[in-house]
Amino acid sequence: MRILTRIILPIVIIAVVILSGSLVVVKEWEKGLQLRFGRIVAIYDKPGVYFKMPFIDNVRVFDARIQTLD
């Protein structure tokens, strides 16, 4: 039990935190840009769950709906 709490549990917690930060959800009305060190790597124009490299990639999500001003 001590091995589980001292070694395995912290590794599992760190892995869950890293994996949760590497998933990006793009909704139906959004578009996303994946940036790697400031350069565009991918464009997400379809809804879904996408993977990004944690700490390296940055994803900017924009609202793609037409907005009118009266």
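The values are calculated or read from the model by the stated rules, or taken from the named source; none is laboratory data. Quick caveat: nothing in here was measured; it's all calculated off a predicted structure. Neighbour counts are summed over all protein chains in view; Cβ atoms, including those assigned to glycine, are modelled from backbone coordinates with ideal geometry. Side chains are part of the model used for accessible areas, which takes the heavy atoms of the whole protein and leaves out ligands, DNA and RNA. Shrake-Rupley method; radii C 1.70, N 1.55, O 1.52, S 1.80 Å.
Is it fair to say ILE43 is of a type in the set (A, V, I, L, M, F, W, C), touching a strand residue (DSSP E or B) at 6+ places or on another chain (Cβ under 9 Å), surrounded by fewer than 13 Cβ atoms within 10 Å (Cβ to Cβ) and not in a loop (DSSP other than H, G, I, E, B)?
Details: of a type in the set (A, V, I, L, M, F, W, C): yes; touching a strand residue (DSSP E or B) at 6+ places or on another chain (Cβ under 9 Å): yes; surrounded by fewer than 13 Cβ atoms within 10 Å (Cβ to Cβ): yes; not in a loop (DSSP other than H, G, I, E, B): yes.
For ILE43, the condition - of a type in the set (A, V, I, L, M, F, W, C), touching a strand residue (DSSP E or B) at 6+ places or on another chain (Cβ under 9 Å), surrounded by fewer than 13 Cβ atoms within 10 Å (Cβ to Cβ) and not in a loop (DSSP other than H, G, I, E, B) - is met.
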Practice problem: Would you tally the residues in the stretch 1-35 being touching a strand residue (DSSP E or B) at 6+ places or on another chain (Cβ under 9 Å), over 22 Å from ALA64 (Cβ atoms) and open to solvent by 70 Å² or more (accessible area, probe 1.4 Å)? | Solution: 0
Quiz item: Within the set of pairs 6+ apart or on separate chains, which have a first residue in the stretch 26-40 that is in contact (Cβ under 8 Å) with a residue 24 or more places away in the chain and in a loop (DSSP other than H, G, I, E, B), a second that is of a type in the set (Gly, Ala, Ser) and open to solvent by less than 100 Å² (accessible area, probe 1.4 Å), and C-beta atoms under 9 Å apart?
Solution: TRP29/ALA64
